[in-house]
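Colleague: Please read through the structure below; I'll follow up with questions.
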Amino acid sequence: MQLRPTDSRGIPLPPVHLLAGGRWYRKTPDPLLAGCIALAGIPSPSVAYVGAASDDDAGFFRRLAAAFRDAGAGCVHLVRLSDPQADTVLARSQLTDAHLVFVSGGDVEAGMRCLRRHALIPFLRQLHRDGKPFFGLSAGSIMLARSWIRWEDPEDDSSARRVRCIGLAPILCDTHAEDDQWEELKTLLRRLPTGTVGYGIPAGGGLRIHGRYCVAALGLPLLRFRHDPGGIRALPPLVPQAPPDVTRPAPP
């Protein structure tokens with residue numbers, strides 16, 4: 001029997017899905033996105049869309065909401081937070097009532113600053129502890145992880161500082177950063193103790209984390225890097241498991 005990951009109180013935690021984006025858009029429903037929608041465990045679940053990292057961009061919301069519905073979602077509600085005077089009572093109600101919470105792409109630091117301004121980070125963590133499934137895309141995936149990196153002076157690498165994130169996925173990750181060889185993730189790892197591991201989610205792929213240690217690749221191999229005494233070392237990637245064949249009858 002496989003034990004369900006729990007929090008410190010022994011309460012089962014729902015999995016978190018982190019998607020990279022990049023080559024994510026398709027003409028047919030994306031199987032990774034369908035897997036995220038299926039986390040709700042019911043037909044046509046509602047989704048609360050947190051667009052803090054993209055300044056509540058309307059075009060981005062429309063495209064993604066349509067993709068969510070194609071993948072099996074029902075109503076998709078934009079939780080408006082970009083305005084400093086946003087109605088946080090309404091936002092909390094939308095987040096509470098939805099079956100799933102999605103965190104959009106955009107700018108990690110801007111998104112975290114917006115959530116802090118409205119004091120929503122502890123609320124989001126509590127929703128997850130209470131059983132709400134979350135999924136993210138691109139910068140939203142990074143926001144759902146432990147922390148990120150920013151430069152106070154882009155020309156001075158020593159000015160890089162960690163940005164604390166929501167932390168529902170207790171890992172470090174970057175998304176679709178193949179072209180720059182995952183340099184931002186490696187810079188973050190260099191500022192953390194030896195032995196720290198970070199995950200590179202390639203364009204078109206995803207990561208599923210269930211509890212603190214159950215990490216799985218979705219769609220494409222998941223890259224791994226570790227801060228070793230001699231520098232940043234690439235570890236063997238995690239290979240996604242093939243999905244079950246639903247056309248075959250279940251064993252008796």
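Colleague: What's the local net charge at Leu189, with K and R +1, D and E -1, over the other residues with C-beta under 14 Å away?
Modeller: Details: positive: Arg146, Arg162, Lys186, Arg190, Arg191, Arg224, Arg226, Arg233; negative: Asp157, Asp174, Glu183, Glu184, Asp228.
Result for the local shell: +3.
Colleague: At 7 Å along the Cα-to-beta-carbon direction for both Ala203 and Ile42, put a label point, then send me their distance in nm to one decimal.
Modeller: In this crude spin-label approximation the distance works out to 3.8 nm.
Colleague: Pull out the extension gain between Ala110 and Asp130, defined as 0.36 nm times the separation in residues minus the alpha carbon to alpha carbon distance; nm, one decimal.
Modeller: Details: separation 20, 0.36 × 20 = 7.20 nm, distance 2.65 nm.
The Ala110-Asp130 span can extend by a further 4.5 nm.
Colleague: Evaluate the relative contact order of the chain (contact order divided by residue number), counting alpha-carbon pairs under 8 angstrom at least 6 apart; express in whole percent. Intermediate values should be presented prior to the final figure.
Modeller: Working: 543 pairs, mean separation 51.4, N = 252.
So the answer I get is 20 percent.
Colleague: While we're here: Would you tally the net charge around Arg162, using a Cβ to Cβ cut-off of less than 15 Å, leaving Arg162 out, and scoring K and R as +1, D and E as -1? Spell out each step's value before the answer.
Modeller: Working: positive: Arg113, Arg116, Arg146, Arg150, Arg161, Arg164, Lys186, Arg190, Arg191; negative: Glu109, Glu152, Asp157, Asp174, Glu184.
So the surrounding residues net to +4.
Colleague: Identify the trypsin sites (Lys or Arg not before Pro) of segment 116-174 meeting these criteria: DSSP loop state and at most 12 other C-beta atoms within 10 Å of the C-beta. Write out the running numbers ahead of the final one.
Modeller: Working: sites: Arg116, Arg117, Arg125, Arg129, Arg146, Arg150, Arg161, Arg162, Arg164; in loops: Arg146.
Counting only loop positions with at most 12 other Cβ atoms within 10 Å, none of the trypsin sites (Lys or Arg not before Pro) in segment 116-174 qualifies.
Colleague: Still on this structure, I have one more. Under the rule of at least 5 residues apart or a separate chain, name every residue whose amide H is placed under 5 Å from the amide H of Ile171.
Modeller: Amide H neighbours of Ile171: Arg146.
Colleague: Where a ≥ b ≥ c are the square roots of the eigenvalues of the C-alpha gyration tensor, would you call segment 65-121 rounded, which needs a/c under 1.5, or, failing that, prolate if a/b is larger than b/c, or oblate? The partial results should precede the final answer.
Modeller: Working: a/c = 2.43, a/b = 1.50, b/c = 1.62.
Judged from the Cα gyration tensor, segment 65-121 comes out oblate (a/c at least 1.5, b/c at or above a/b).
Colleague: Can you give the FRET efficiency to the nearest 0.05 for Ser82 and Thr28, using r as the Cβ-Cβ distance and R₀ = 25 Å?
Modeller: Numbers: r = 32 Å, r/R0 = 1.26.
With R0 = 25 Å, the Cβ-Cβ based efficiency is 0.20.
Colleague: Still on this structure, please answer the following. Ala119: net charge of surrounding residues, Cβ under 14 Å, Lys/Arg +1, Asp/Glu -1, itself excluded?
Modeller: It works out to a net charge of +4.
Colleague: Additional query: Quick check: pseudo-label points 7 Å beyond the Cα along Cα→Cβ at Ser159 and Leu235, how many nm apart are they?
Modeller: The two pseudo-label positions are separated by 3.3 nm.
Colleague: Once fully extended, how much extra length lies between Thr187 and Arg63, figured as 0.36 nm per residue of separation less the alpha-carbon to alpha-carbon distance? Mind dumping the intermediate values first?
Modeller: On the way: separation 124, 0.36 × 124 = 44.64 nm, distance 3.27 nm.
Length gained between Thr187 and Arg63: 41.4 nm.
Coordinate-derived values only; no laboratory data. Note that this is a predicted model, so its numbers are computed, not measured. Reconstructed Cβ throughout: ideal geometry from the backbone, glycine too, with neighbour counts over all protein chains shown.
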